[in-house]
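Scroll down for the structure; my scribbles are underneath it.
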Amino acid sequence: MTKLILHDQATGLRSLAAFQAPDSARVFTIAGGKSRVGKTSIVVNLAVALARKGQRVLLIDENPCHNNICTSLGLQARFDLLHVINKDKRLDQVILRGPENIAILSAMRGIHALNKLNPLEQDWLVRSFSELTKSVDIVLIDTAMAGTTHVLPLSLASEQIMMVISGSAASLTGAYVLIKIMSQEYMRRHFLILVNNIGSEAESFAIYQNLYKVARQYLSVTLEYAGYIPSDEKLHSSTQLCMPVLEAYPSSQAATCFGQVAQNILRSTCPDKYHGGIDNFMQRLIQTSHLSMANFMV
Ligand SMILES: Nc1ncnc2c1ncn2[C@@H]1O[C@H](COP(=O)(O)OP(=O)(O)OP(=O)(O)O)[C@@H](O)[C@H]1O
């Protein structure tokens with residue numbers, strides 16, 4: 001029975017993908033197999049690097065307010081996605097502006113409410129998001145870490161999934177488990193890999209290559225190297241200053257690497273044929289938010 005439900009959900013997801021416009025915004029979910037792997041630092045700094053390359057960036061933040069993008073930038077979000085869902089505020093009224101005019105949407109409470117929306121509320125939300133279509137080129141989603149399979153709905157709704165790994169065994173195992181579930185249950189065949197907090201580029205590439213070989217042999221998926229961010233005290237200091245490292249320490253090694261990662265993801269391919277688009281993303285997210293994590297045996 002569970003298999004049947006999963007099959008239907010997977011079929012639904014694939015048919016939704018067919019409705020996407022080819023020229024719309026690209027949506028990347030940033031996930032990690034372990035907490036504290038550096039997701040928020042990566043989302044914030046990658047957004048700045050992308051904005052400096054002329055991209056209009058929207059960040060969607062799933063983290064709780066004591067530990068989220070706004071806090072890391074010294075901003076305070078008074079409103080969030082739930083205010084939009086409840087029709088207390090319009091989407092443009094809850095979006096904050098960060099460095100380089102990056103748009104930031106706090107969404108933790110809203111994302112958790114998506115599976116309770118009736119069809120009319122779903123429609124309203126998708127239409128609200130369609131208003132962003134002309135003003136956003138790239139969406140980056142910072143996922144919260146609350147269990148291995150928690151990030152599935154956001155990841156499956158995105159065009160691209162970027163897994164952040166470090167050199168630790170826990171981060172590699174966690175990333176492998178997530179890739180396994182998404183490939184075997186949901187036919188996701190392509191993942192971007194970013195290695196963070198690592199000693200050197202050579203070390204980073206060796207870790208990536210090991211994961212690549214194992215994933216190709218046992219899971220039949222393609223991994224694409226998105227780059228690396230070194231272990232850099234300047235990145236840690238910039239977090240404490242509530243600033244992106246690209247602003248606080250523009251000539252640091254970390255800042256240079258974020259520029260390179262931004263270039264790589266702009267060039268990245270999408271063999272899964274998920275063409276993005278914010279309203280379509282929201283439609284898929286509503287659909288995937290009904291997935292019961294209890295269905296998964298890891
Ligand atoms: N490459 C790096 N070099 C030095 N410090 C880093 C690096 N990447 C992340 N950090 C530091 O590690 C800490 C955790 O980073 P961050 O909050 O971005 O992780 P996270 O994965 O978002 O955490 P959570 O699981 O709590 O959401 C921060 O203090 C950050 O400054």
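Look at where the Cα atoms of the range 184-205 and of the range 38-59 average out, and the two centres are 18 Å apart. With all protein chains kept in place, the per residue accessible area of the chain amounts to 45 square angstrom at a probe of 1.4 angstrom.
Considering only Ala226, Ala206, Ala254, give the residue with the highest GNM mean-square fluctuation for the chain, with springs between Cα atoms whenever their separation is below 10 Å. The residue with the greatest mean-square fluctuation here is Ala206.
A straight Cα-to-Cα reach below 17 Å connects Lys213 with the aspartates and glutamates Glu203, Glu224, residues fewer than 8 places away in its own chain not being considered. Using R0 = 41 Å, the C-beta based FRET efficiency linking Arg36 and His290 works out to 0.90.
In the chain, the portion of solvent-accessible area held by carbon and sulfur atoms comes to 52 percent [1.4 Å probe, whole percent, DNA, RNA and ligands not counted]. For a modelled paramagnetic label at Arg97, 7 Å from Cα along Cα-to-Cβ, the residues of the range 58-76 in reach, with backbone nitrogen under 20 Å, are 58-61, 69-76.
Over the residues of the chain, the helix contribution to mean residue ellipticity at 222 nm works out to -14000 deg cm²/dmol, using -39500 (n - 2.57) for each DSSP H run of at least 4.
Restricting the trypsin sites (Lys or Arg not before Pro) of the range 110-183 to loop positions (DSSP other than H, G, I, E, B) with no more than 14 neighbouring Cβ atoms within 10 Å leaves Lys134.
Between beta-carbons, use under 14 Å as the cut-off and find the net charge around Val57, counting Lys and Arg +1, Asp and Glu -1. Residues close to Val57 contribute a combined charge of +1. For Ser220, neighbours were defined as the other residues whose beta-carbon sits under 12 Å from its Cβ, and their charges (Lys and Arg +1, Asp and Glu -1) total +4.
The mean sequence separation of alpha-carbon pairs under 8 Å and at least six residues apart, normalised by the residue count of the range 2-292, gives a relative contact order of 30 percent. For the range 30-45, there are no residues whose amide N sits under 11 Å from a probe point set 7 Å from the Cα of Cys65 along the beta carbon direction. Farthest towards the positive end of the charge dipole of the range 2-292, among the residues Val84, Tyr176, Ile198, is the Cα of Tyr176, using unit charges on the Cβ of Lys, Arg, Asp and Glu.
For Gln240 and Asn210, the difference between the fully extended length at 0.36 nm per residue and the C-alpha to C-alpha distance is 7.5 nm.
For Tyr176, the solvent-accessible surface with a 1.4 Å probe is about 60 Å², rounded to the nearest 10.
Subtracting the Cα-Cα distance of Ser200 and Tyr218 from their residue separation scaled by 0.36 nm leaves 3.7 nm.
The values are calculated or read from the model by the stated rules, or taken from the named source; none is laboratory data. All of these numbers come straight from a predicted model, not from anything done at the bench. So basically every Cβ, Gly included, is an ideal-geometry build from the backbone, and we count neighbours across all protein chains shown. Remember, those area values only see protein heavy atoms, side chains included, never the ligands or the DNA or RNA. Shrake-Rupley method; radii C 1.70, N 1.55, O 1.52, S 1.80 Å.
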